[in-house]
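To keep things clear, I will list the structure first and then write my remarks on it.
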Amino acid sequence: MERPNRRTLLKTGLLSIAGAAGMPSLSAAVESNSTPYNRPKLKITEIRTAEVRVHGYQVHVRVYTDAGIIGQGESTDASAGNVPLIHSFSRMLVGQDPLNIEAAFERIRTAGVFAGAQAGQYVTALTGVEIALWDIAGKALGVPVYQLLGGKVRDRVRVYCDSGEREMIPGDEQSKARIHEIQEMGFTAAKIDIDDARDPSRMDRVNWTASNGEIDHMIAKVAFTRSLYPKDYDLAVDMHARYDAGTGKRVAKELEPFKLMWLEEPVPAENIDAMRDIRASTNTPICCGENVYMRWGFRELFEKRAVDIVEPDFQKCGGLLEARKISDMAHTYYVPVAPHAVTSPIGMMGTAQVCAVIPNFLAQEWHWIDSRDLWRNWVKEGDIIQKGFITLPDRPGLGVEMNDEAARKAQVPGTPWFEPMKRS
Ligand code: MG
């Protein structure tokens, strides 16, 4: 049986009764037998990485501590070239307390101001490390990460299914089968791509002004897909940041009758004014964010009212606390958050930990429909998505542990697998 401490005795009233009844000796005895809570004292000892390729390139990070607790994180999408960056961060991390996550983040971020720390691979590499620190913090304190990020406002998070590499070709039997499959799996929302570099109506291999023929094909794909999902099913459409502003406007306008959940990146993300012009020209909700980094990147999107929905990638945009901060900024503009996610179950659970705590969460992506064997076996806990939702586990930290044997099937040939880093 657990020894009663000051808190439990206070709860039962024993301590106060002892004091009030003038029993100083009992009171003192209770005090002297109580153990004040001690914050765990840990130090980072080492960082190791592994590289995989599933939907794009991913780097998995393990941060080791002197208490034997190991945290795991994942950086994705902008993760090619992350490994040397992560190893360069270790001189700022080894010997430090892993529970001071904000301090570690700021140390690495500000150290890289002249080395690209504003966006891109530097931030993505930092993201993988930051997520591993949250896993350590949860494990050290015995609570899930969501508890440390403010506590959950929902027990499960809605996941939408990206339709995968299969294009939706109107009338095509395999496309119909994929749409049926997604519904059978229990999802309530899906996303399709309508950009097509190989469209026969494309007039130029370099310029991305869509011809009438291309736009007709785009609309036909959406009409076909929309007709096969029930009316209450949500559908998002991605243009992958390829087209020019005129094309973006035309497509957004023509898609209005389909009442999309959103149209994603009709133009590239770096010119926020162009995104805002498209949003102002249409009733189709405009979504952007997977190619935007940290609060400073998102600030202009919100201030210029350039989006209806944001889709930060939590394995890329700066980490879980940064994702919470971006989401809170979005909330002040009444903008919902639908995280982009093409990650393994580890990254997906990291994303879900944040989605559980933000009031303005809409839906979280899943992009491994073409890699389902890997998906099911990647972590020891099995398939974390049930009927289109992730239920947050009560386990400490991220709540999932990698099954190395399964994950190694996706290892990038010739790269180390969590081996000690060679010091140069
Ligand atoms: Mg996208």
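The values are calculated or read from the model by the stated rules, or taken from the named source; none is laboratory data. All values reported here derive from a predicted model rather than from experimental measurement. We place every Cβ from the backbone using ideal geometry, glycine too, and count neighbours over all the protein chains shown. Keep in mind that these areas ignore ligands, DNA and RNA; they rest on the heavy atoms of the full protein, side chains included. Shrake-Rupley method; radii C 1.70, N 1.55, O 1.52, S 1.80 Å.
Among the residues of the range 100-120, is there at least one that is hydrophobic (A, V, I, L, M, F, W, C) and within 16 Å of residue 418 (Cα to Cα)?
No, every residue in the range 100-120 fails to be hydrophobic (A, V, I, L, M, F, W, C) and within 16 Å of residue 418 (Cα to Cα).
Residue-wise test of (1) within 15 Å of the ligand (Cβ to nearest atom); (2) under 12 Å from the mean Cα position of the chain (by Cα); (3) more than 23 Å from residue 237 (Cβ to Cβ); (4) of a type in the set (D, E, K, R).
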{"site": "322", "(1), (2), (3), (4)": "no, yes, yes, yes"}
{"site": "331", "(1), (2), (3), (4)": "no, no, yes, no"}
{"site": "345", "(1), (2), (3), (4)": "no, yes, yes, no"}
{"site": "350", "(1), (2), (3), (4)": "no, yes, yes, no"}
{"site": "360", "(1), (2), (3), (4)": "no, no, no, no"}
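Go through (1) within 19 Å of residue 71 (Cα to Cα); (2) crowded, with 16+ Cβ neighbours inside 10 Å and name the single condition residue 419 misses.
(2) is the only condition that residue 419 fails.
Pick from the range 55-100 the residues that are in a strand (DSSP E or B) and over 19 Å from residue 318 (Cβ atoms): which of them is least open to solvent (accessible area, probe 1.4 Å)? Give the derivation first.
Of the range 55-100, the ones in a strand (DSSP E or B) are 56-65, 70-76.
Filter again for over 19 Å from residue 318 (Cβ atoms), leaving 62, 64-65, 70.
Details: 62: 37, 64: 39, 65: 13, 70: 68 Å².
Within the range 55-100, the match that is least open to solvent (accessible area, probe 1.4 Å) is 65.
Which one of 94, 159, 153, 123 is more than 16 Å from the ligand (Cβ to nearest atom) and closer than 19 Å to residue 398 by Cα?
After applying the criteria, what remains is 153.
Please go through the range 254-281 and pick out each residue that is closer than 20 Å to residue 211 by Cα and in a loop (DSSP other than H, G, I, E, B).
Listed by number, the residues that qualify are 255, 265, 266, 267, 268.
With 202, 198 as the choices, which residue is buried (at least 17 other Cβ atoms within 10 Å of the Cβ), out of contact with any strand residue (DSSP E or B) (no Cβ under 8 Å at 6 or more places or on another chain), assigned to a loop (DSSP other than H, G, I, E, B) and among the basic types (Lys, Arg)?
Testing whether each residue is buried (at least 17 other Cβ atoms within 10 Å of the Cβ), out of contact with any strand residue (DSSP E or B) (no Cβ under 8 Å at 6 or more places or on another chain), assigned to a loop (DSSP other than H, G, I, E, B) and among the basic types (Lys, Arg) leaves just 202.
Starting from the range 90-107, take each residue that is under 17 Å from residue 72 (Cβ atoms) and list its partners that are of a type outside the set (D, E, K, R) and modelled with pLDDT under 95, counting only C-beta distances under 8 angstrom and pairs at least six apart or across chains.
Cβ pairs passing all conditions: 90/421; 99/40.
All but one of (1) of a type outside the set (S, T, N, Q); (2) modelled with pLDDT of 95 or more; (3) over 18 Å from the mean Cα position of the chain (by Cα) hold for residue 115; state the number of the condition that does not hold.
Residue 115 satisfies every listed condition except (2).
Determine whether the range 231-246 contains at least one residue that is over 27 Å from residue 271 (Cβ atoms), in contact with a helix residue (DSSP H, G or I) (Cβ under 6 Å, 6 or more places away or on another chain), touching a residue at least 40 places away in the same chain (Cβ under 8 Å) and within 16 Å of the ligand (Cβ to nearest atom).
From the range 231-246, those over 27 Å from residue 271 (Cβ atoms) are 231-234; that's our starting set.
Of the ones still in play, those that are also in contact with a helix residue (DSSP H, G or I) (Cβ under 6 Å, 6 or more places away or on another chain) are none.
No: the range 231-246 contains no residue that is over 27 Å from residue 271 (Cβ atoms), in contact with a helix residue (DSSP H, G or I) (Cβ under 6 Å, 6 or more places away or on another chain), touching a residue at least 40 places away in the same chain (Cβ under 8 Å) and within 16 Å of the ligand (Cβ to nearest atom).
Are there any helices (runs of 4 or more DSSP H) wholly within the range 290-378 with 2 or more residues that are open to solvent by 10 Å² or more (accessible area, probe 1.4 Å), and if so which?
Hits in the range 290-378: 294-303, 320-332, 372-377.
Residues to consider are 284, 209; find the one that is outside any helix (DSSP H, G or I), away from the ligand (no atom under 16 Å from the Cβ) and β-branched (Val, Ile, Thr).
209
If you scan the range 167-187, which residues turn out to be assigned to a loop (DSSP other than H, G, I, E, B), farther than 19 Å from residue 215 by Cα and open to solvent by 50 Å² or more (accessible area, probe 1.4 Å)?
Within the range 167-187, 185 is the sole residue that qualifies.
Scan the range 298-320 residue by residue and report those that are of a type in the set (Gly, Ala, Ser) and either within 16 Å of the ligand (Cβ to nearest atom) or touching a strand residue (DSSP E or B) at 6+ places or on another chain (Cβ under 9 Å) (or both).
The answer is 306, 319.
Since residue 224 meets every condition but one in (1) within 16 Å of the ligand (Cβ to nearest atom); (2) not in a loop (DSSP other than H, G, I, E, B), which condition does it not meet?
The one condition residue 224 does not meet is (1).
The conditions are (1) open to solvent by 90 Å² or more (accessible area, probe 1.4 Å); (2) within 19 Å of the chain's Cα centre (by Cα), and residue 384 fails exactly one of them. Which is it?
Residue 384 satisfies all of (1) open to solvent by 90 Å² or more (accessible area, probe 1.4 Å); (2) within 19 Å of the chain's Cα centre (by Cα) except (1).
I'd like to verify a number: residues in the range 230-286 that are surrounded by fewer than 19 Cβ atoms within 10 Å (Cβ to Cβ), closer than 30 Å to residue 186 by Cβ and polar (S, T, N, Q), how many?
Of the residues in the range 230-286, 1 are surrounded by fewer than 19 Cβ atoms within 10 Å (Cβ to Cβ), closer than 30 Å to residue 186 by Cβ and polar (S, T, N, Q).
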